[in-house]
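One structure is given here, and the rest of the page talks about it.
Every read-out reported here was derived from the displayed coordinates using simple, explicitly stated rules and does not represent laboratory data. Because the structure is a prediction, the values reported are computed rather than measured. Ideal geometry is used to build each Cβ from the backbone, glycine not excepted, and the neighbour counts take in all protein chains shown.
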Amino acid sequence: MMPPDLSKPASAASEAASASDTPLMSARSLVKTFTVGRTLRPGSGRTLHAVDAISLDVFPAETLGLVGESGSGKSTLGRCLTRLYDIDGGTLTFEGVDITRADARALKPMRRNVQMIFQDPSASLNPRRRVRDVLAEVLKVHRIREGAGIEQRLLELMDLVGLRREYLDRYPHEFSGGQRQRIGIARALAVEPKLIVADEPVSALDVSVQAQIVNLFSDLRERLDLTYVFIAHDLAVVRQVSSRVAVMYLGSIVETGETDALYARPSHPYTQALLSAIPQPHNRGSRERILLSGEIPSPLDPPTGCKFSTRCPQAQDICRQVRPVLAALSTERQVACHFPLG
Amino acid sequence: MTFVEKPILLDVNGLTVAFATDRGPVTAVRDVSFSVREGEILSIVGESGSGKSVTLLSLLGLHDRKTTRVNGMVSFRGRGILDLSPGELRSIRGREIGLISQDPMTALTPVYTIGWQIAEQIRAHERISARAARKRAVELLGEVGLSNPQEAVDRYPHQLSGGMRQRAVIAMALSCNPALLVADEPTTALDVTVQAQVLDLLLRLRKDFGSAIILITHDMGVVSEVADRVAVMYAGRIVERGETEAMFESPLHPYSWGLMGSIPPLAGPRLARLKSIPGMPPTPDRIGEGCGFAPRCAFARAACLERPPLRKIGTQAALCVLEEPERAALRRTVLSAEELA
Amino acid sequence: MFFAVLQRLGQMLFVMIGISALVFLIFFATPGSDPAARLAGRNASPETVEAIRKDFGFDRPLPVQYVIMMNRLFVTQDLTSFVNRGLRIVPAVAQAAPVTLSLVAGAAVLWVVGGILVGVVAALARDTLLDRGLMVLALIGVSMPVYWLGEVMNLVTQSRFHDTILFSWVPSLGYKPLLTDPWGWFKTLLIPWFTLAALYIGIYGRVLRANLVEAYQEDFIRTARAKGLSPARVMVRHALRTSLIPFVTMFGLDFGVLVGGSALLTEVVFGLNGVGRLTYQALLNLDLPMVLGTVMYASFFVVLANALVDVVYVLIDPRVRES
């Protein structure tokens, strides 16, 4: 553990203080498979393990960053955690209640507590409905406010996400990308959730606007005691918002750990390569880049043994034969590697 | 690195591009000037709508002549690109200037093999047999790092991964050994580990083939990694240009300051808040004569409503009313504010 | 590949059996009407009705009736029209088919060539007077009813201006077999071809223009232009080639339906005794065996055309080849 540092964000410090031992959400050996290429012929089609036996805890008041390249299964995992997808194996609990196979009715209380934010909010905003109607509907469906309370709450929400109150009467197309994402956030906040799963919420935005939304996420967490699962491919953004990070590769978590320590001293060769691959204006030329050969293998046909063994510069024979499990390296760090880096 | 000794390959002066729209002409690029020396990598960086892609298309004369007015001067090896006949333009496109597109998924025609498409370009410019063109295609695919070029040459685009496809696009752009490669966000659609491979490839190609490269991107990280010189575009204008080293060391324009502050660092102490730029970029139809960044600029003043002057400091130049030493003082306040945060 | 073809043929057979069963059920198993009486046609004597009932086994269960009917239609081929006794169904259809095929095939050549020409020229000349003029012409082609256009053509070529040097070559209405009189075949069909093609040239030209204009927004067209290719090559090898896929789909459907009998109006106007006319007359007279025969014939061509479209897909789109 790094010693408390005043230069570190206040959020990380408060997170450490409020971190409790009982997870808010907990996944054990979670599996999600898809069948692709199925035709009428029986036995055709192949099984794709998008989420391959993932175990993961989300603790109250933390921001868990979920990073990985395309095909890593991070979005699928996010959708399993919010139960937008049915789960094919393992268990998922929220506040100690098993919701792995809960039906729509049983999920309703959980839906109020767990909300999802998507990359492209405009796809989920009905173009013919004003912001007011979109937000009010959520309040009514979940019976959160009634009568004049609704209007009061709408104004609160607009203030929270930094939109002018008069925008309530506008239609989605009248907003810019950043503003639409603010509306998406307002809709998620409307039900006063405990956990928000955000799937690439800033990756469609321009840098200067992206920074605004990243700051908004930080502010909201402070003010509303939110817990986030923040899914993104941009490691710099994830570092900025997360207190803990899980790195995914081909449907598995290869490493988790406290953000600053993980970025400073990655233990999995993939994490190390990923970090070294990011071009950085702030430390120009000051690092050595590890160039991985090839690309992520097809999840339809993952390598035997360690899934990263085909691209790993450190791979030994055992790596190609035995799949390493995610094991604790220290209290703060878990890694799935036969030869974790020192 | 300086390239003063190398001759100028491309010289753009006062380039202005306007589109005819239903609501009258819209100027997407205003009075843009820059030059590229032989073997140099110039990066044009900007957010969406800044006019960087429009600028690039004018270099190849690819704008629709019916709906687009292109003014100014684009001189490539001493020839005015904007005044060339369509036939003369075609002999430059692909042969002397190669294009690398953003999305390798859509940049190749889906119904032809990679080899066919590369050979097509070679044969458009050289009298060469189909067999010889195909052989060249195989060589080129090996050159850009495809592991099995003999096999890849007969693959259709959809049969290749994103990274392999982008390599194929690069091989095609290189096929006639052009003096200039223009790359439009060549790594944006790729994963970081693949992006690193492609950037590495571009740097190696510059060394092996000696091509100059204009790299268009929104990613300051990519810029810092590969560019010799940078031009920052905002609202249709180049607001700052200079050598990469100097630009990252001490950016001149308040927009560049904001851009740098918007990027979360990957190492060192984390910031409590990112230094974001308030507001959002203007759409091209809302840009007037004055500084396009003024509405979002913390240091805007009355003079910003007029055409901003070009101020040069060393190898850098910025379109901004701020003058030394006031500019340096303001920069110090911005930096200390970031540190306090 | 072999398996895919086999699968496709199996599907075709399945669809055709399905259609025949459906048609059979509609005509012969509709409750409240006596199939024997329907089959006998209007004003049939009770003896005839009774004979038919026995003959077709209408006193036996439905599946047996269906098998008897199909057996007589296709295997023994002795199913005859009840309006024109002695006229066997299958030979009658087989005699009408070449007429329709000649008419539609010739028109198809015209409309494919014409449609591509109109579409390509309009797309190249986008937003100019030429483009607008072509699109207006195409719209006129689409809007003109085929029977009206046919009658006007007849009026012009057969009576008003028949004696002028322009149209004196036009033979009188009717069909001349291709094998015995190729030149006559060509001359009698030329005017009908143009008449039938006018509508489709209009439709195909407009659709192709829209597809091409869309294709020109694609990245790969920008790539092709940036390669230094000539505008003609960009158009033909890249834009047109990739726009052919919807074109082929449309063509397959239209061709199948027309060969199946939808060229009826053209056939009537030009006195061509094709399948369309045959169907039409059978329907007028409630000649159920004949209706059954022509519907089966039509469905065969529609299904065949669809299968051919699938084959062409594989040829022109490598992405389809794998799935």
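Our summary gives chain A a relative contact order of 19 percent, counting only alpha carbon pairs under 8 angstrom and 6 or more residues apart. Applying 1/(1 + (r/R0)^6) with r as the Cβ-Cβ distance of A:S176 and A:V97 and R0 = 60 angstrom yields a FRET efficiency of 0.90.
The C:T180 and A:R28 beta-carbon pair, evaluated with R₀ = 56 Å, returns a calculated FRET efficiency of approximately 0.10. Could you tell me the calculated FRET efficiency between A:R132 and C:T249, based on Cβ-Cβ distance and R0 = 35 angstrom, to the nearest 0.05? The computed FRET efficiency comes out at 0.20. Translational diffusion coefficient of the stretch C:2-76 (Stokes-Einstein, Kirkwood radius from Cα pairs, 25 °C, 0.890 mPa s): 176 µm²/s. In 20 Å bins starting at 0, how do the alpha-carbon pair distances of chain C split up by percent? Taking every Cα pair in chain C, the percentages come to 26, 48, 23, 3, 0. Rg/Rh for the stretch A:268-342 (Cα atoms only, Rh after Kirkwood) is 1.01. Using only Cα atoms and rounding to the nearest 10 degrees, what angle (0 to 90) does helix B:326-340 make with the longest principal axis of chain B? Approximately 80 degrees, to the nearest ten. The label point for A:A327 and the one for A:T47, both projected 7 Å from the Cα toward the Cβ, are 2.7 nm apart.
Within straight-line reach of A:K194, meaning a Cα separation under 21 Å, sit the following lysines at least 8 residues removed in sequence or on another chain: A:K74, A:K108, A:K140. Taking a straight line from the alpha carbon of C:K176, these lysines sit under 20 Å away, with near neighbours fewer than eight places off in the same chain left out: C:K187. Evaluated with a Cβ-only charge set (Lys, Arg +1; Asp, Glu -1), the stretch A:268-342 carries a dipole of roughly 140 debye about its Cα centre, given to the nearest 20.
With the simple spin-label model, which puts each label point 7 Å out from Cα in the Cβ direction, the A:L107 to B:M105 separation comes to 2.6 nm.
Charge tally for C:F82 (other residues, Cβ to Cβ under 10 Å; Lys, Arg +1; Asp, Glu -1): +2.
Sequence-ordered 3J(HN,Hα) estimates for the stretch C:6-15 from the Karplus curve with 6.51, -1.76 and 1.60 and θ = phi - 60° stand at 4, 4, 5, 4, x, 4, 4, 4, 4, 4 Hz, glycine and proline given as x. The fewest-to-most ranking of B:K6, A:K194 by surrounding Cβ atoms within 10 Å reads B:K6, A:K194.
Each part reduced to its alpha carbon centroid, the stretch B:103-165 and the stretch C:163-242 end up 33 Å apart.
For the residues of A:233-240, the average number of beta carbons from a partner chain within 10 Å of their own beta carbon is 4.
Across the stretch C:154-279, Cα-Cα pairs farther apart than 23 Å form 53% of the total. Counting only other chain Cβ atoms within 10 Å of each residue's Cβ, the peptide B:249-259 averages 1. Short-range pairs are left out: with C-alpha atoms under 8 Å and at least six residues apart, the relative contact order of chain C is 25 percent. Taking Rh as the Kirkwood radius, which is the inverse of the mean 1/r over Cα pairs, what is the Rg/Rh value for chain A? Across chain A, the Cα-based Rg/Rh ratio is 0.98. As a ratio to 2.2 N^0.38 Å, the alpha-carbon radius of gyration computed for the stretch B:106-175 takes the value 0.97.
By the rule of a C-alpha distance below 20 Å, with chain neighbours fewer than 8 residues away ignored, the lysines paired with B:K135 are C:K227.
Where the centre of each part is set by its Cα atoms, how far does the stretch C:59-129 sit from the stretch C:130-161, in angstrom? Measuring centre to centre over Cα atoms gives 25 Å.
Between B:S250, B:V239, B:T283, the Cα set farthest toward the positive side of the dipole of the stretch B:215-298 (charges on each charged residue's Cβ, about the Cα centre) is that of B:T283.
The charge dipole of the protein assembly as shown, taken about its Cα centre with unit charges on the Cβ atoms of Lys, Arg (+1), Asp and Glu (-1) only, comes to about 1300 debye.
By the Cα gyration tensor, the stretch A:164-316 has an equivalent ellipsoid whose semi-axes, rounded to whole angstrom, run 34, 17, 16 from largest to smallest. Other residues with beta-carbon under 15 Å from the beta-carbon of B:A20 carry, at +1 per Lys or Arg and -1 per Asp or Glu, a net charge of +1. Once both labels are positioned 7 Å from their Cα atoms along Cα-to-Cβ, the gap between B:T188 and C:R160 label points is 6.0 nm. First check a/c for the stretch B:252-340, with a ≥ b ≥ c the square roots of the eigenvalues of its C-alpha gyration tensor; if it is under 1.5, answer rounded, and if not, answer prolate when a/b is larger than b/c or oblate otherwise. It is oblate, given that a/c is not under 1.5 and a/b is not larger than b/c.
Net charge near C:T266: determine it from the other residues with C-beta under 13 Å of the C-beta of C:T266, scoring Lys and Arg +1 and Asp and Glu -1.
-1
Sort the following peptides by mean Cβ neighbour count (other Cβ atoms within 10 Å, averaged over residues), highest first: B:306-315, A:25-34, B:194-203.
Values: B:306-315: 14.5, A:25-34: 18.5, B:194-203: 21.1.
The densest-packed peptide leads the list: B:194-203, A:25-34, B:306-315.
One equal scatterer on each Cα of the protein assembly as shown, no solvent, Debye formula: the resulting log10 I(q)/I(0) at q = 0.05, 0.06, 0.08, 0.10 Å⁻¹ is -0.44, -0.62, -0.98, -1.27.
Let me have the relative contact order for the stretch A:34-105, percent, based on Cα pairs under 8 Å that are six or more residues apart.
After rounding, I find 17 percent.
Distance from the C-alpha centroid of the stretch A:286-342 to that of the stretch B:295-314: 51 Å, rounded to the whole angstrom. Among the trypsin sites (Lys or Arg not before Pro) found in the stretch B:1-102, those both in a DSSP coil and sparsely packed, with 13 or fewer other Cβ atoms within 10 Å of their Cβ, are B:R23, B:R65, B:K66. Among the residues of B:155-165, the average count of other protein chain beta-carbon atoms within 10 Å of the residue beta-carbon is 3.
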